[in-house]
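Enquirer: I have a structure here, written as structure tokens, and I will follow up with some questions on it.
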Amino acid sequence: MSKRLLWALLLIALTAILLILNTKGAVSLNLVFGDLKMTTAVALLLFTSIGVTIGILLK
């Protein structure tokens, strides 16, 4: 593996760990088909993973 890939994986893992450990607060997401209630950390982790997926697909 290249150094660039290792740094990216390390940053993704660090982000995931920090977001999972930070479970304070709740957020309500208003979607077209209903409302979702979840902790703030899970919502941020979800949007981070969506952003990473989009970045990989655009590469």
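Coordinate-derived values only; no laboratory data. Since the model is a prediction, treat every value here as computed from it, not as a measurement. Note that each Cβ is placed from the backbone with ideal geometry, even for glycine, and that neighbours are counted across all protein chains shown.
Enquirer: Can you confirm whether segment 24-35 contains a residue that is touching a residue at least 12 places away in the same chain (Cβ under 8 Å), over 13 Å from the mean Cα position of the chain (by Cα) and loosely packed, with under 11 Cβ neighbours inside 10 Å?
Expert: Start the filter on segment 24-35 by keeping residues that are touching a residue at least 12 places away in the same chain (Cβ under 8 Å), which leaves 24-27, 29.
Right, trim to over 13 Å from the mean Cα position of the chain (by Cα) and you get 24-27, 29.
When the remaining residues are screened for being loosely packed, with under 11 Cβ neighbours inside 10 Å, the result is 24-25.
Scanning segment 24-35 turns up at least one residue that is touching a residue at least 12 places away in the same chain (Cβ under 8 Å), over 13 Å from the mean Cα position of the chain (by Cα) and loosely packed, with under 11 Cβ neighbours inside 10 Å.
Enquirer: Report yes if some residue within segment 8-25 is hydroxyl-bearing (Ser, Thr, Tyr) and in a helix (DSSP H, G or I); otherwise report no. Walk me through it before giving the result.
Expert: Pass one, segment 8-25, residues hydroxyl-bearing (Ser, Thr, Tyr): 15, 23.
Retained after the next criterion (residues that are in a helix (DSSP H, G or I)): 15.
There is at least one residue in segment 8-25 that is hydroxyl-bearing (Ser, Thr, Tyr) and in a helix (DSSP H, G or I).
Enquirer: Then there's this: Exactly one condition in (1) aliphatic (A, V, I, L, M); (2) touching a residue at least 24 places away in the same chain (Cβ under 8 Å); (3) part of a strand (DSSP E or B) is not met by Leu44; state its number.
Expert: (3)
Enquirer: Listed residues Ile12, Ile20, Ile50; which is without any contact (Cβ under 8 Å) to a residue 24 or more places away in the chain, surrounded by 10 or more Cβ atoms within 10 Å (Cβ to Cβ) and under 14 Å from the mean Cα position of the chain (by Cα)? Reasoning before the result, please.
Expert: Working: Ile12 fails: without any contact (Cβ under 8 Å) to a residue 24 or more places away in the chain; Ile20 fails: without any contact (Cβ under 8 Å) to a residue 24 or more places away in the chain.
Testing whether each residue is without any contact (Cβ under 8 Å) to a residue 24 or more places away in the chain, surrounded by 10 or more Cβ atoms within 10 Å (Cβ to Cβ) and under 14 Å from the mean Cα position of the chain (by Cα) leaves just Ile50.
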